[in-house]
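Take a look at the structure below.
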Amino acid sequence: MRVNSDALHDGADQFFQWLAVDPKTGAANVVFYDRRDDPQNSRTTITLARSTDGGKTFVNYAWTREPFEGNKDFIGDYTGIAAWDGRIFGIWAEEVASAQAAASTGDGDRHRAPHTIVRVGIADFGKASASH
């Protein structure tokens, strides 16, 4: 089943997907790296695809807004997802520039190569969150 909602054969990559079915709600949730917003097919964001009809259709949600550049480095297939009662928890690796990495770690050395970090995302589709 196709879970991404961009145009067919548009040349954009989606990769390193991971699936979790919520045991309380039955919703299928897929997290994946997504390059649909970059005409050069290089800058990457994270997308959450969600199905509440048994996998017949999926709605895509941008889990990140700021794309990152992998610099043709191997970021690994370090993705994961878990779901419980309408709450989805995802993890993924991103590459950040040395200045951003130094700022986030307090390290003053900004001349080092880019760093790979792990990010965590949370989406809440629970009963209290009627906006989704």
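A few comments on the model shown:
- Each of Val30, Val96 was scored by other Cβ atoms within 10 Å of its Cβ. Listed from fewest to most, they are Val96, Val30.
- Neighbourhood net charge (12 Å Cβ-Cβ; Lys/Arg +1, Asp/Glu -1) for Asp37: -2
- Radius 11 Å from Cβ of Gly11, net charge of other residues (Lys, Arg +1; Asp, Glu -1): -2
- Neighbours of Ala123 by Cβ distance under 9 Å: Lys/Arg scored +1, Asp/Glu scored -1, total +1.
- In this calculation the C-beta distance from Glu69 to His9 is compared with R0 = 25 Å, giving a FRET efficiency of 0.55.
- Within the stretch 12-100, chymotrypsin sites (Phe, Trp or Tyr not before Pro) in DSSP loop having at most 16 other beta-carbon neighbours inside 10 Å: Phe74, Tyr78
- Extending 7 Å from Cα along the Cβ direction at Arg119 and again at Phe89 yields two label points whose distance is 1.9 nm.
- Sparse-neighbourhood loop sites, trypsin sites (Lys or Arg not before Pro) in the stretch 42-95 - DSSP loop, at most 15 other Cβ within 10 angstrom: Lys56, Arg65, Lys72
- Stretched out straight at 0.36 nm per residue, the stretch from Asp37 to Ala62 would grow longer than its current Cα-Cα span by 7.9 nm.
Every read-out reported here was derived from the displayed coordinates using simple, explicitly stated rules and does not represent laboratory data. This structure is a prediction, so every number in the text was calculated from the model and none was measured. Methodologically, a virtual Cβ is constructed for each residue, glycine included, from the backbone with ideal geometry; neighbour enumeration extends over all protein chains shown.
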